[in-house]
1. Is at least one residue of the stretch 141-151 outside any strand (DSSP E or B), of a type outside the set (Val, Ile, Thr), at pLDDT below 95 and out of contact with any Leu (no Cβ under 8 Å at 6 or more places or on another chain)?
2. Tell me yes or no: at least one residue of the stretch 403-424 is touching a residue at least 12 places away in the same chain (Cβ under 8 Å), closer than 22 Å to Ser365 by Cα, outside any strand (DSSP E or B) and touching a Leu at 6+ places or on another chain (Cβ under 6 Å).
3. Within the stretch 264-276, does at least one residue satisfy the condition of being buried (at least 19 other Cβ atoms within 10 Å of the Cβ), within 30 Å of Phe429 (Cβ to Cβ) and of a type in the set (A, V, I, L, M)?
4. Is at least one residue of the stretch 451-470 of a type outside the set (Ser, Thr, Tyr), modelled with pLDDT of 95 or more, surrounded by fewer than 19 Cβ atoms within 10 Å (Cβ to Cβ) and not in a loop (DSSP other than H, G, I, E, B)?
5. Would you mention how many residues in the stretch 412-462 are of a type in the set (Phe, Trp, Tyr) and over 21 Å from Gly256 (Cα atoms)?
6. Among residues belonging to the stretch 471-508 that are part of a strand (DSSP E or B) and among the polar types (S, T, N, Q), point out the one that is farthest from Ala169 (Cα to Cα).
7. Restrict the check to the stretch 484-499 and report whether at least one residue is in contact (Cβ under 8 Å) with a residue 60 or more places away in the chain, hydrophobic (A, V, I, L, M, F, W, C), surrounded by 24 or more Cβ atoms within 10 Å (Cβ to Cβ) and in contact with a helix residue (DSSP H, G or I) (Cβ under 6 Å, 6 or more places away or on another chain).
8. Considering Leu434, Leu411, Leu444, which residue is at pLDDT 95 or above and within 19 Å of Ala165 (Cα to Cα)?
Amino acid sequence: MGGFHRGQRSSRLTTIWFAIVLLALGASAQQDSTPAICKDHAQFLPEEPFQPNHPPLAPNGAPEISVAVPQLRQTIEDQSDDQGNPAFFHHHLIAGRFWLSGQSNLIFQAHTPFHSPYSGPNSFQGHGESATSSTNTLFAGARLLRLSELIASADMENGRGLSDALGIAAYVNADVVDPDITHVVYLSRFFFHQTIPLTADRIDEEPIPFYLQSSMPRQRVELIFGKLGLPDYFDVNGVGSDTYLQFTNLAIGNAGTYEYAQDGHGYTLAAMLNYQGPRFGLRFAEALLPKFANSNELDYDLRNTRQENIEADLAVYPIPGHITQIRTLVFISHVELGNYREADNAYLSGTDSTPDIALHRHPGSVKPGFDINLQQDLPSGFRAYFRYGWNHGLYESFVFTEMNDTVSFGLDLSGEAWHRKYDRVGSAFVNSGLAYYHREYLALGGIGLVLGDGKLNYGRESASETYYTAHLFAGLYVAAQISFINNPGFNRDRGPIIVPGLRAHIDF
């Protein structure tokens, strides 16, 4: 197979950023002359009857929703003032203009010894171990004008993960970061958000940390630029995108093949343009990447190092009264990447004494990938999801985790069925694989981003996770979970592994 190589240099990026700024400034200048719309007397589309005290309805009678921004990862939605998930403090929006909220998440996991005839520098440790991690976030925001906000958050991670987050591609704790950058408070998000209405009619919404308005235009364009986390907006899934109250496995929370632009903490500088209608949405983001794999620093050379993300979403109702959300994501990374085929051949020919992907990196390499993401609401409080993801396996895995194709599916159930409204139980499964030259590299003894047992008896890696989250009081939740991993690190010679865990979460 041939590789993908960079064609034209992207001087258009400057134009894109400049156009976004001009659009934002133009929209802001028009806002003061836009009449306010009372949400108790919102206008509706001509073909829809006015429905007082009820959300707009789709043709089949199901509540109409907005299927994109500001519908975000559940970790963000949890902070909303509607108290769909209660918090210790009830009024996050102060004086209708300023936002303040936060969360803390503590995860304990352990495993007993498992079958491990050999190991390497990036192996999941065969002896028994335990580990505890914590993440702490403070959200803040301010409404600048009627449809614009300035949003910020500060984070601090503590602790560590099992085997320092090495040795399993579908790793069991998505909250873990490099131990060298923990115990430091850092600015995780700082971005400007502008909404441009395309219609006068609006949908009532409760404010959340990223959108401080009490209603939104049913059709709109949104501009976002600054420091942000791409998974807050892309590859979102209501069943499997929340490590705080749902699954903790990183390949269940997102497609494991989605090597999204990020620094060591998981955030990047990006500009995003989003169109959203009642049923269809389309968003595009241009983001900075690190210069090399395992780097904690972003590269500001946009001509050579960047990532494009484009995602379309569609809401349909094949089951009357129950929404189906379909999202398709394509991402293209332009960065200096190693070529697995070249590294394998150099070692086999004797040119390199050991397989080393870093010796075969090429500026301007282009690595594409895609993700198909479905979410289905079902009767009786059930929800189900499905994801399939792929990225080009000729080039090295350089951010997030190490896999080239993946399929995952699962479901959850609300505790309302047993009179525990805020409880939830869920179970999911993920199965992943490596491309030929990638697995050959590991079999020859190469060391990857998170994998490297010294040799490899290849088999597809599979993992499952089941959890029960219980709401105790106010904003305090506890959860029990258990994970099973077969062929950890795609190695049939090692495992299986059983990882039980406990989680405590606080919203305030």
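The values are calculated or read from the model by the stated rules, or taken from the named source; none is laboratory data. Computed from a predicted structure; not experimentally measured. Here the Cβ is made from the backbone with ideal geometry for all residues, glycine too, and neighbour counts use every protein chain on show.
1. Going residue by residue through the stretch 141-151, those that are outside any strand (DSSP E or B) are 146-147.
Adding the requirement that they be of a type outside the set (Val, Ile, Thr) leaves 146-147.
Right, trim to at pLDDT below 95 and you get 146-147.
So of that shortlist, the ones also out of contact with any Leu (no Cβ under 8 Å at 6 or more places or on another chain) come out as 146-147.
Among the residues of the stretch 141-151, at least one is outside any strand (DSSP E or B), of a type outside the set (Val, Ile, Thr), at pLDDT below 95 and out of contact with any Leu (no Cβ under 8 Å at 6 or more places or on another chain), which makes the answer yes.
2. Within the stretch 403-424 (the criterion being touching a residue at least 12 places away in the same chain (Cβ under 8 Å), closer than 22 Å to Ser365 by Cα, outside any strand (DSSP E or B) and touching a Leu at 6+ places or on another chain (Cβ under 6 Å)), the answer is yes, since at least one residue qualifies.
3. Checked against the condition, which is being buried (at least 19 other Cβ atoms within 10 Å of the Cβ), within 30 Å of Phe429 (Cβ to Cβ) and of a type in the set (A, V, I, L, M), the stretch 264-276 yields no hits at all.
4. Checked the stretch 451-470: at least one residue is of a type outside the set (Ser, Thr, Tyr), modelled with pLDDT of 95 or more, surrounded by fewer than 19 Cβ atoms within 10 Å (Cβ to Cβ) and not in a loop (DSSP other than H, G, I, E, B).
5. Selection size over the stretch 412-462: 2.
6. We begin by selecting, within the stretch 471-508, every residue part of a strand (DSSP E or B); these are 471-473, 476-486, 491, 497-507.
When the remaining residues are screened for being among the polar types (S, T, N, Q), the result is 481, 483, 486, 491.
Working: Gln481: 19, Ser483: 14, Asn486: 11, Asn491: 11 Å.
The extreme case among them is Gln481.
7. Among the residues of the stretch 484-499, at least one is in contact (Cβ under 8 Å) with a residue 60 or more places away in the chain, hydrophobic (A, V, I, L, M, F, W, C), surrounded by 24 or more Cβ atoms within 10 Å (Cβ to Cβ) and in contact with a helix residue (DSSP H, G or I) (Cβ under 6 Å, 6 or more places away or on another chain), which makes the answer yes.
8. Details: Leu411 fails: within 19 Å of Ala165 (Cα to Cα); Leu444 fails: within 19 Å of Ala165 (Cα to Cα).
The unique qualifying residue is Leu434.
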